[in-house]
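Chemist: Got a structure here, written out as structure tokens. Questions coming.
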2 protein chains.
Amino acid sequence: MKAVRKGRFFIIIIMEDTSKKSVLAMEGYAVRTKGISERVQKITVSAIKEMMMLGLSYPDAVSFGQGTPSFRTPAHIRGRVKKELDENPHIGKYSPMSGYKIFRDAAAKALLEKRGISANSDREIYITAGAMEAISTAVLTVVNPGDEVLVTSPCFPSHIEQITLAGGIPVFVPLIEEEGWKLDTDGFKKAITKKTKAMIISNPSNPGGAVFPKEDQLKLAEFALAHGSIVITDEPYDFLVYDNREFYSLTNVPDLKNQRISCFSLSKEYAMTGFRIGYVYAEEGFVNQMLKVHDAIAVCASGLSQYAGLEALMGPQECVDEFREEFAKRRDLICSYFDEISDLFSYQKPQGAYYIFPKVIPSVESYEFCIRLLKEARVVLVPGDAFGPTGKGHVRFSFACSQEDISEGMQRIIKWWKENK
Amino acid sequence: MKAVRKGRFFIIIIMEDTSKKSVLAMEGYAVRTKGISERVQKITVSAIKEMMMLGLSYPDAVSFGQGTPSFRTPAHIRGRVKKELDENPHIGKYSPMSGYKIFRDAAAKALLEKRGISANSDREIYITAGAMEAISTAVLTVVNPGDEVLVTSPCFPSHIEQITLAGGIPVFVPLIEEEGWKLDTDGFKKAITKKTKAMIISNPSNPGGAVFPKEDQLKLAEFALAHGSIVITDEPYDFLVYDNREFYSLTNVPDLKNQRISCFSLSKEYAMTGFRIGYVYAEEGFVNQMLKVHDAIAVCASGLSQYAGLEALMGPQECVDEFREEFAKRRDLICSYFDEISDLFSYQKPQGAYYIFPKVIPSVESYEFCIRLLKEARVVLVPGDAFGPTGKGHVRFSFACSQEDISEGMQRIIKWWKENK
């Protein structure tokens, strides 16, 4: 990995696969190179999933790893799926490639009601097997080999893999940690070059937990418009903002319509990560191109999951309020534990989403630190280096797990720290 | 498209997107080029799905298009999903990236019982969101830009798109139509060059309906071993062979183990196309590399669909026998209609799968012919050109639809032909 500092931001060029760390490779998993394409040699399984896989060998471990809400999928959503299984003769069959019209209409209605956006459900929306399929498709659809794609640092690790898979070069623009992982809009401005094809923006952000203010995002929109860059939004945590902060999304900037692909997930809002369901809202020309990739990699989203998603969007919404309140409690709980070990971690209090990304105060290599904590304290964390260069010496905690798990896991870390500091 | 005839086989190099026909573009769908990557400009939505999308505008049309079994997903499979929704507290959550262990174990058991193959369910199998995700992942994992990948002609159109998406060059080896779309093993031998990275083999074949004999496939294995080419198998129709023909798969060649990726689907065998569930069996080193792509594009297969697939593999198998018998009746029925219009179509009787790929005797451009039959006779067919150069002047019929639909659709074509010949 080659890092070039230019003012406040880094440009990182991933030169070879050997520069990419892999928890699984470090732990002895077979790494084949013979016959493997260059693009795949350059990427890794996201460190989040690598740590989860490794964690499976320690069944007693408490997981702060993958961001899976502890809640059961609400009963009315499960009930709708059961009803369709009983009554809908087409339920086991391929859906139209772009998804059932009834779900596309529901997605359009949700966009209108929650965001004030008027979308054509036949031409501007299609249903995906989760937002990850949407984003990987978006990147494959717009990024040519050698194109630069701006991401924040830290960012969601899979965005790095998705860009690299398409032959693109992730360009990291560091967030400002000491200001709560705030956007460095000036950094974005400086990072844009003739090679910049796109930027991927996730708000509320993962792993920093920042909620980007409207004025900062409007600056990004201004740069994107001035340079013709395509804006890809990844918005799984749009429902989860704390302390009555204002939520704003680049999906709401009308002028960006012709150069924006918005990716939505139902996974976190409705505790249905395993259903693999989301949708894309974009200009018709983008949708028609993206459907080519969607067809080649997925055919269509699971029909059952489409009905689950339909029920999630159209059914009662009280569950979301309950989840939001509980996540706020979990945030306060985990922060109270961090306050007890302020000589091990320094943290920025999350403004949204359910992640916290503390800096490890003693100098550590984040992969080794996470492996060590798994083996010695039986907790799953995710190494910060996987989230971009600014993640060095940091670790990510998901507090989507129960309060009991948060207490148990944090107490294990506190005990470990007492024994090892 | 550039076609070079060398002996019996063609090498087709797809030069530019303009050479690729698109039914939807022909019918006025927006085609955006601004900001779109070269790889995506070069591909299309599979003509199968394009015709289905176009067919949605003609609700009274009879579909011989997408290969969707008319049967309802068996009750015990639907019942298992309902049970999990009620009783399994984890059912809505992410599964492990490689799929639930219980399903991987069931897949290994099925491989052992049906194929006599002993696979390590932890290291050599992972669960996919359908075989399409598996094959696109396999291709992205092994094909570098400029690599050649051998396919039969005709072949499944999505294989062409998947190869092109990875920057590879599909090299078409024509099947021998007059011998029932038989493999031309000599053609394969001649088509292999230093640039050949892989071959994709689907048996029973789609759209020709051939069942490739063991001795022909062993020759392919011999060439692949001699040249170090990777063999990707796509086996959704492995259960559907007529007239007591012998089924054989390259998955059964032990020597190929280190250069083979086998992709399995439950969609057709258990009438569950909409569940999007399949699995990969490959050498551990391949699996670990493929999981990187799987993670970036899918995260994991739908948990509900994994339990449906588990029930399909482990539950009663009588449904498969019933489906097989019914497909055989449908094959005979559709062939009897073709015999009535032997001045419009000449056909090879399918030996397996549920497709028939007749030649249109009057000289036609297959895309225009299919659009015309949709508009004038209200039947959905798929243009043969989409299946490779040998598909010129052909059309594909799926006879997975009901006997009633087959009769209605064929009578419409017969009537149309009487009025238009």
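Chemist: Inspect the stretch B:29-38 for any residue being closer than 21 Å to B:T273 by Cβ and either under 25 Å from the mean Cα position of the chain (by Cα) or facing chain A (nearest Cβ under 9 Å) (or both) and give the result as yes or no.
Modeler: Residues of the stretch B:29-38 that are closer than 21 Å to B:T273 by Cβ, as a first pass: none.
Checked against the condition, which is being closer than 21 Å to B:T273 by Cβ and either under 25 Å from the mean Cα position of the chain (by Cα) or facing chain A (nearest Cβ under 9 Å) (or both), the stretch B:29-38 yields no hits at all.
Chemist: Test A:I232 against the stated conditions and say whether it is in contact with a His (Cβ under 9 Å, 6 or more places away or on another chain), within 13 Å of another protein chain (Cβ to nearest Cβ) and surrounded by 24 or more Cβ atoms within 10 Å (Cβ to Cβ). Let's see the steps before the verdict.
Modeler: Working: in contact with a His (Cβ under 9 Å, 6 or more places away or on another chain): yes; within 13 Å of another protein chain (Cβ to nearest Cβ): yes; surrounded by 24 or more Cβ atoms within 10 Å (Cβ to Cβ): yes.
Here the answer is yes, as A:I232 does meet what is asked.
Chemist: Every residue in the stretch A:134-160 that is more than 25 Å from B:T44 (Cβ to Cβ) and open to solvent by 10 Å² or more (accessible area, probe 1.4 Å), please.
Modeler: Residues satisfying the conditions are A:E148, A:T152, A:F156.
Chemist: Now for a separate question. Within the stretch A:351-363, how many residues are over 19 Å from A:E340 (Cβ atoms) and either more than 20 Å from the chain's Cα centre (by Cα) or buried (at least 24 other Cβ atoms within 10 Å of the Cβ) (or both)?
Modeler: Number of matching residues: 5.
Chemist: Can I ask one more? Which of the residues that make up the stretch A:74-95 are open to solvent by less than 10 Å² (accessible area, probe 1.4 Å) and touching a Ser or Thr at 6+ places or on another chain (Cβ under 9 Å)?
Modeler: Passing the criteria: A:V81, A:L85, A:I91, A:G92, A:S95.
Chemist: Please find, within the stretch B:268-290, the residue that is surrounded by the fewest Cβ atoms within 10 Å (Cβ to Cβ) out of those that are at the interface with chain A (Cβ under 7 Å from one of its Cβ atoms) and outside any helix (DSSP H, G or I).
Modeler: That would be B:A271.
Chemist: From (1) assigned to a loop (DSSP other than H, G, I, E, B); (2) closer than 16 Å to A:R276 by Cα; (3) facing chain A (nearest Cβ under 8 Å), pick out the condition that doesn't hold for B:G99.
Modeler: Tallying (1) assigned to a loop (DSSP other than H, G, I, E, B); (2) closer than 16 Å to A:R276 by Cα; (3) facing chain A (nearest Cβ under 8 Å), B:G99 fails exactly one: (3).
Chemist: Could you list, in sequence order, the residues of the stretch B:78-96 that are within 7 Å of chain A (Cβ to nearest Cβ) and in a helix (DSSP H, G or I)?
Modeler: Matches in the stretch B:78-96: B:R78, B:V81, B:K82, B:L85.
Chemist: Can you pull out the residues in the stretch B:119-158 that are in contact with a Phe, Trp or Tyr (Cβ under 7 Å, 6 or more places away or on another chain), within 12 Å of chain A (Cβ to nearest Cβ) and in a loop (DSSP other than H, G, I, E, B)?
Modeler: Scanning the stretch B:119-158 gives a single hit, B:E124.
Chemist: For B:K197, only one of the following conditions fails: (1) open to solvent by 20 Å² or more (accessible area, probe 1.4 Å); (2) over 27 Å from B:V382 (Cα atoms); (3) not in a strand (DSSP E or B). What is its number?
Modeler: Here B:K197 clears every test but (3).
Chemist: Same structure, new question: Output the residues belonging to the stretch A:377-391 that are in contact (Cβ under 8 Å) with a residue 60 or more places away in the chain and closer than 16 Å to A:I413 by Cα.
Modeler: First, the residues of the stretch A:377-391 that are in contact (Cβ under 8 Å) with a residue 60 or more places away in the chain: A:378-391.
If the condition is that a residue be in contact (Cβ under 8 Å) with a residue 60 or more places away in the chain and closer than 16 Å to A:I413 by Cα, then A:R378, A:V379, A:V380, A:L381, A:V382, A:P383 are the ones that fit.
Chemist: Being surrounded by 21 or more Cβ atoms within 10 Å (Cβ to Cβ), outside the structural domain of B:R396 (by TED's automatic domain parsing), modelled with pLDDT of 95 or more and assigned to a loop (DSSP other than H, G, I, E, B) narrows it down to one of B:D238, B:D243, so name that one.
Modeler: Just a single option satisfies the conditions, and that option is B:D238.
Chemist: Report the residue count in the stretch A:39-77 for those that are among the hydroxyl-bearing types (S, T, Y), more than 9 Å from chain B (Cβ to nearest Cβ) and within 23 Å of B:N120 (Cβ to Cβ). Spell out the reasoning first.
Modeler: Quick first cut of the stretch A:39-77, residues among the hydroxyl-bearing types (S, T, Y) only: A:44, A:46, A:57-58, A:63, A:68, A:70, A:73.
Then keep just the ones that are more than 9 Å from chain B (Cβ to nearest Cβ); that gives A:57-58, A:63.
Going one step further and asking which of them are within 23 Å of B:N120 (Cβ to Cβ), we end up with A:57-58.
Number satisfying all stated conditions: 2.
Chemist: Which residues, counting only those in the stretch A:365-376, are in contact (Cβ under 8 Å) with a residue 60 or more places away in the chain and open to solvent by less than 50 Å² (accessible area, probe 1.4 Å)?
Modeler: A:Y367, A:C370, A:I371, A:L374 - these are the residues of the stretch A:365-376 that are in contact (Cβ under 8 Å) with a residue 60 or more places away in the chain and open to solvent by less than 50 Å² (accessible area, probe 1.4 Å).
Chemist: Output yes when any residue across the stretch B:384-393 is more than 22 Å from B:S70 (Cα to Cα), polar (S, T, N, Q) and surrounded by 15 or more Cβ atoms within 10 Å (Cβ to Cβ), and no when none is.
Modeler: yes
Chemist: In the list B:I176, B:I169, B:I127, which residue meets the criterion of being in contact with a strand residue (DSSP E or B) (Cβ under 6 Å, 6 or more places away or on another chain), at negative phi and buried (at least 24 other Cβ atoms within 10 Å of the Cβ)?
Modeler: Working: B:I176 fails: buried (at least 24 other Cβ atoms within 10 Å of the Cβ); B:I169 fails: buried (at least 24 other Cβ atoms within 10 Å of the Cβ).
One residue alone meets the criteria, B:I127.
Chemist: (1) open to solvent by 40 Å² or more (accessible area, probe 1.4 Å); (2) in a helix (DSSP H, G or I); (3) within 20 Å of A:K268 (Cβ to Cβ): which one isn't true of A:S336, the others all being true?
Modeler: It is condition (3) that A:S336 fails.
Chemist: Note down all Cβ pairs under 7 Å where the first residue falls in the stretch A:392-416 and is in contact (Cβ under 8 Å) with a residue 12 or more places away in the chain, the second is among the basic types (K, R), and they're at least six residues apart or on different chains.
Modeler: These pairs meet every condition: A:G393/A:K359; A:H394/A:K359; A:F399/A:R330; A:F399/A:R331; A:Q403/A:K329; A:Q403/A:R330; A:I406/A:R330; A:R412/A:R378.
Chemist: Here is a further query. So how many residues does the stretch B:377-390 have that are farther than 15 Å from B:L56 by Cα and either part of a loop (DSSP other than H, G, I, E, B) or acidic (D, E) (or both)?
Modeler: Count: 2.
The values are calculated or read from the model by the stated rules, or taken from the named source; none is laboratory data. For clarity, every value in this text was computed on a predicted model and none was experimentally measured. So basically every Cβ, Gly included, is an ideal-geometry build from the backbone, and we count neighbours across all protein chains shown. To get the accessible areas, we keep the full protein, side chains included, count just its heavy atoms, and leave off ligands, DNA and RNA. Shrake-Rupley method; radii C 1.70, N 1.55, O 1.52, S 1.80 Å.
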